[in-house]
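Quick notes on the structure that follows.
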Amino acid sequence: MNTKKFLPLAATAVAAVIALAGCGSSGSSGSPATSMPGMDHGSSSTSPSTSASAGTHNSADVMFAQMMIPHHTQAVEMSDMILKKQDIPAEVTALATRIKDAQGPEIEKMSGWLQSWGESTQVPTGHSMDGMMGAEDMTKLEAAQGVEAAKLFLTQMIAHHEGAVTMAKTETTDGKDPAAVQLSKDIVSAQEAEIKEMQTLLASL
């Protein structure tokens, strides 16, 4: 399974984010303006602890947001796939719902940061994202059904989370913006816990 990079999908995901941002931009407020299906719009408001400042960020913060947006977008897409299927164990659908509900608002938050920093939301050419699924992986997940789909989802999402944790730890070490660094720590904590949960679920299926 190719879990290292799949830039065409990432580019598509970022294009969708940009298109949505164009529809919902509210000037120079810096608040997130993007949206995805199923997002909890009530959690997109910012506060001093979650807002990024144009004067406090560095290149690591920019790279973290640019790469994590399409990474999160794919996780939401994978979750949507499993939630549309029949005969999926309840524990797996509950996990997919949590992933979608958590990562959707984080996409909005990071998109807002990049806008406030005056940075592109596109992944720079030549950069790969750990844990991304390839086209074949996504096709297999789309086609799978029942328990086999649940197993495949868990296997793929474990690898996906592991990639996100790696990227987030880099931001924790190299980032400058306090809000971005805090988000990276939150991602590590939440997704390491979910990796353990998914490993347990996978072993039970």
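Residues in segment 132-169 that are within 21 Å of Val188 (Cα to Cα) and either of a type in the set (Val, Ile, Thr) or at pLDDT below 95 (or both): Thr155, Ile158, Val165, Thr166.
One line per residue, one yes/no per condition, for (1) buried (at least 20 other Cβ atoms within 10 Å of the Cβ); (2) of a type in the set (Lys, Arg); (3) within 19 Å of the chain's Cα centre (by Cα); (4) at positive phi:
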| site | (1), (2), (3), (4) |
| --- | --- |
| Met138 | no, no, yes, no |
| Ala143 | no, no, no, no |
| Leu154 | yes, no, yes, no |
| His161 | yes, no, yes, no |
| Lys176 | no, yes, no, no |
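In the condition set (1) in contact with an Asp or Glu (Cβ under 9 Å, 6 or more places away or on another chain); (2) touching a residue at least 60 places away in the same chain (Cβ under 8 Å); (3) of a type in the set (A, V, I, L, M, F, W, C), Val92 is compliant with all but (1).
Residue-wise test of (1) under 21 Å from Ile158 (Cα atoms); (2) touching a Lys or Arg at 6+ places or on another chain (Cβ under 7 Å); (3) assigned to a helix (DSSP H, G or I); (4) modelled with pLDDT of 95 or more.
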residue: Met39; (1), (2), (3), (4): no, no, no, no
residue: Ser51; (1), (2), (3), (4): no, no, no, no
residue: Thr56; (1), (2), (3), (4): no, yes, no, no
residue: His71; (1), (2), (3), (4): yes, no, yes, yes
residue: Gln74; (1), (2), (3), (4): yes, no, yes, yes
residue: Thr93; (1), (2), (3), (4): yes, no, yes, yes
residue: Ala102; (1), (2), (3), (4): yes, no, yes, yes
residue: Lys109; (1), (2), (3), (4): no, no, yes, yes
residue: Val123; (1), (2), (3), (4): no, no, no, no
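What are the residues in segment 126-136 that are under 15 Å from the mean Cα position of the chain (by Cα), at negative phi and buried (at least 16 other Cβ atoms within 10 Å of the Cβ), if any? Talk me through it step by step, then tell me what you get.
Applying the first criterion (under 15 Å from the mean Cα position of the chain (by Cα)) to segment 126-136 yields 128-133.
With at negative phi added as a condition, the list becomes 128-130, 132-133.
Met129, Asp130, Met132, Met133 - these are the residues of segment 126-136 that are under 15 Å from the mean Cα position of the chain (by Cα), at negative phi and buried (at least 16 other Cβ atoms within 10 Å of the Cβ).
Only residues that are over 11 Å from Asp61 (Cα atoms), more than 19 Å from the chain's Cα centre (by Cα) and part of a helix (DSSP H, G or I) were counted in segment 178-205, giving 6. Evaluation of Thr93 against the conditions (1) under 17 Å from the mean Cα position of the chain (by Cα); (2) surrounded by fewer than 23 Cβ atoms within 10 Å (Cβ to Cβ); (3) under 22 Å from Ser189 (Cα atoms); (4) among the hydroxyl-bearing types (Ser, Thr, Tyr) shows that the sole unmet condition is (1).
The values are calculated or read from the model by the stated rules, or taken from the named source; none is laboratory data. Nothing here was measured: the structure is a model prediction, and the numbers come from that model. All Cβ positions, even for glycine, are placed from backbone atoms using ideal geometry, and neighbour counts span all protein chains on display.
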